[in-house]
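To keep things clear, I will list the structure first and then write my remarks on it.
The values are calculated or read from the model by the stated rules, or taken from the named source; none is laboratory data. Just so it is clear, the model here is predicted, and its values are computed rather than measured. For neighbour counting, all protein chains shown are included, and Cβ atoms are generated from backbone atoms with ideal geometry for every residue, glycine included. SASA here: full protein model, heavy atoms, side chains in, ligands and nucleic acids out. Shrake-Rupley method; radii C 1.70, N 1.55, O 1.52, S 1.80 Å.
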Amino acid sequence: MSTAKIVVIEDESDILELLEYNLSKEGYRVASARDGEDGLRKVRKEAPDLVLLDLMLPGLDGIELCRRLKSDPLTRSTPVMMVTAKGEESDVVLGLGVGADDYVTKPFSPKELLARVKAVLRRGPLKEERNGKERIAREGIVIDAGRHEVKIDGEPVPFTATEFRLLHFLAAHAGRVFTRDQLLGHVVRGDAFVIDRNIDVHIRAIRKKLGPHRETIETIRGVGYRFKDGGE
Ligand code: CA
């Protein structure tokens with residue numbers, strides 16, 4: 001049983017009850033709020049391990065609330081999982097753009113939701129230093145940041161600087177979805193010489209080089225890309 005604390009911010013009573021019931025049953029301590037302002041207060045007061053955030057809320061909406069949480073040093077590292085209406089891909093892109101860590105779409109099964117919650121909690125609070133992780137090994141893919149080297153099934157494979165940065169960034173944050181803009185922002189920040197600003201082109205090249213492990217980088221339709229989380 002987990003004793004992690006979760007703040008749920010949701011204005012629809014039946015969804016809120018469904019979330020409270022399933023999370024409590026799993027042993028999580030749950031605090032809930034039905035609007036954005038109260039949600040913000042609860043997160044500051046409770047310092048939870050995770051925030052489940054509905055996007056369409058009365059008053060302060062989910063996007064604005066997420067933006068505030070992520071710009072406040074007190075709450076910045078608290079993972080936020082958005083709960084969005086199905087098919088609202090633009091909401092997902094917006095949410096990830098303001099720093100949300102993951103999302104689930106309604107309607108969700110309790111089983112799916114709990115698996116996602118567990119995965120986000122396992123990753124723990126966001127740590128910037130994860131970026132600097134020296135060596136990442138995952139199912140035949142070894143990324144060595146110190147040597148700037150990638151080995152696929154034991155064989156070194158040459159990656160361009162941009163491809164390497166992109167692969168390393170995705171792998172260091174396995175399980176998280178990033179939008180193309182976020183990925184571009186990351187690769188451009190460190191390297192003024194990114195020749196092609198089209199992330200899809202770089203991803204295609206990386207996948208080709210990953211060969212049999214190409215599916216480790218998943219396309220999240222309408223949203224972006226994710227390096228498969230190996231923990232399940
Ligand atoms: Ca709502």
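Considering Val93, Val83, the condition of being open to solvent by 10 Å² or more (accessible area, probe 1.4 Å) and aliphatic (A, V, I, L, M) is satisfied by Val93 alone. In the set Ser77, Ser32, only one residue is more than 10 Å from Val7 (Cβ to Cβ) and free of Cβ contacts under 8 Å to residues at least 60 places away in the same chain; that residue is Ser77. Based on what the data block shows, is Ala31 of a type in the set (Gly, Ala, Ser), assigned to a strand (DSSP E or B) and away from the ligand (no atom under 15 Å from the Cβ)? It is true that Ala31 is of a type in the set (Gly, Ala, Ser), assigned to a strand (DSSP E or B) and away from the ligand (no atom under 15 Å from the Cβ). Just one of the listed residues (Glu129, Glu88, Glu139, Glu149) is modelled with pLDDT under 85 and assigned by TED's automatic domain parsing to the domain that holds Leu184, namely Glu139. Please work out if Thr78 is within 15 Å of the ligand (Cβ to nearest atom) and within 15 Å of the chain's Cα centre (by Cα). It is false that Thr78 is within 15 Å of the ligand (Cβ to nearest atom) and within 15 Å of the chain's Cα centre (by Cα). Within segment 37-61, the set of residues being at pLDDT below 95, among the small types (Gly, Ala, Ser) and within 15 Å of the ligand (Cβ to nearest atom) comprises just one member, Gly59.
Is there a residue in segment 62-69 that is part of a strand (DSSP E or B) and away from the ligand (no atom under 12 Å from the Cβ)?
No, segment 62-69 contains no residue that is part of a strand (DSSP E or B) and away from the ligand (no atom under 12 Å from the Cβ).
Filtering segment 55-67 to residues that are in contact with a Ser or Thr (Cβ under 9 Å, 6 or more places away or on another chain) and crowded, with 17+ Cβ neighbours inside 10 Å leaves Leu55, Gly62. Does segment 1-25 hold any residues that are within 16 Å of the ligand (Cβ to nearest atom) and touching a residue at least 40 places away in the same chain (Cβ under 8 Å), and which are they? Within segment 1-25, Val7, Val8, Ile9, Glu10, Asp11, Glu12, Ile15, Leu18, Leu19 qualify.
Out of segment 24-51, which residues are on the phi > 0 side of the Ramachandran plot and either in contact with a Lys or Arg (Cβ under 8 Å, 6 or more places away or on another chain) or open to solvent by 60 Å² or more (accessible area, probe 1.4 Å) (or both)? Lay out the reasoning, then the answer.
Here is the first cut: in segment 24-51, the residues on the phi > 0 side of the Ramachandran plot are 27, 47.
Of everything in segment 24-51, just one residue is on the phi > 0 side of the Ramachandran plot and either in contact with a Lys or Arg (Cβ under 8 Å, 6 or more places away or on another chain) or open to solvent by 60 Å² or more (accessible area, probe 1.4 Å) (or both), namely Ala47.
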